[in-house]
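Everything below concerns the one structure shown next.
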């Protein structure tokens with residue numbers, strides 16, 4: 001099922017629940033009830049809860065967005081480093097050059113076709129991807145330069161392999177959720193408390209008030225969905241993608 005379809009169903013359900021509770025609650029209110037009699041301290045507390053929760057939501061969204069950006073940067077750095085390796089080995093003999101380029105192509109194809117779906121589902125890298133990276137490192141480092149030109153290219157190639165390996169490690173570390181469970185607990189309780197303020201304010205069954213109550217509850221649900229979707233940088237619809245690999249290695253898609 002599409003994540004956007006799930007979001008639509010969830011938003012509709014939240015809105016329906018809130019509006020139903022408001023309508024049912026108003027049926028129990030006496031005819032002479034005056035909502036203007038709500039204590040001033042209640043209005044103040046409602047405002048403060050809303051402000052505090054808005055700050056918490058903003059920090060949570062900023063945190064998961066930064067994590068997603070960091071994850072995408074790791075992918076871009078890994079792809080660029082491997083592209084540099086593939087291009088700089090042109091000064092090596094044909095046999096060595098073709099072998100290293102074949103190793104790079106095999107690794108990138110594995111990442112795009114196999115490791116990425118595995119990482120999204122299991123939140124970890126594949127052992128085969130690690131072996132393919134080790135093969136690239138071994139072929140680059142174990143070739144002894146025979147000319148000055150090859151000697152000048154050797155150390156930059158080793159550095160680029162190390163950069164790609166470090167970016168791969170960072171990609172593996174970012175594969176799982178970035179938000180601790182205790183933060184999700186606070187966000188959930190805060191959402192319930194914030195939406196619950198609607199009932200304390202004694203909203204009536206007028207069209208305008210019901211519309212505002214529904215829009216407010218839908219907004220809170222959408223922001224929580226946004227945080228949840230960004231929380232797994234590689235595993236959900238708005239996460240990091242393999243675009244940097246495909247841009248530099250178009251053949252990797254098959």
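Please go through (1) under 18 Å from residue 252 (Cβ atoms); (2) crowded, with 19+ Cβ neighbours inside 10 Å for residue 120 and return the number of the only condition it doesn't satisfy.
If we test residue 120 against (1) under 18 Å from residue 252 (Cβ atoms); (2) crowded, with 19+ Cβ neighbours inside 10 Å, just (2) comes out false.
Hey, could you check segment 105-151 for residues that are over 23 Å from residue 91 (Cα atoms) and not in a helix (DSSP H, G or I) and say which is modelled with the lowest pLDDT?
This residue is 123.
Restricting to segment 143-159, give me the number of residues that are in contact (Cβ under 8 Å) with a residue 60 or more places away in the chain and within 13 Å of residue 100 (Cα to Cα).
1
Out of 140, 85, 112, 64, which single residue is under 17 Å from the mean Cα position of the chain (by Cα) and in contact (Cβ under 8 Å) with a residue 40 or more places away in the chain?
64 is the lone residue from the list that is under 17 Å from the mean Cα position of the chain (by Cα) and in contact (Cβ under 8 Å) with a residue 40 or more places away in the chain.
Residue check: is residue 163 surrounded by 17 or more Cβ atoms within 10 Å (Cβ to Cβ) and either at pLDDT below 90 or more than 20 Å from residue 253 (Cα to Cα) (or both)?
yes
The values are calculated or read from the model by the stated rules, or taken from the named source; none is laboratory data. All values reported here derive from a predicted model rather than from experimental measurement. We place every Cβ from the backbone using ideal geometry, glycine too, and count neighbours over all the protein chains shown.
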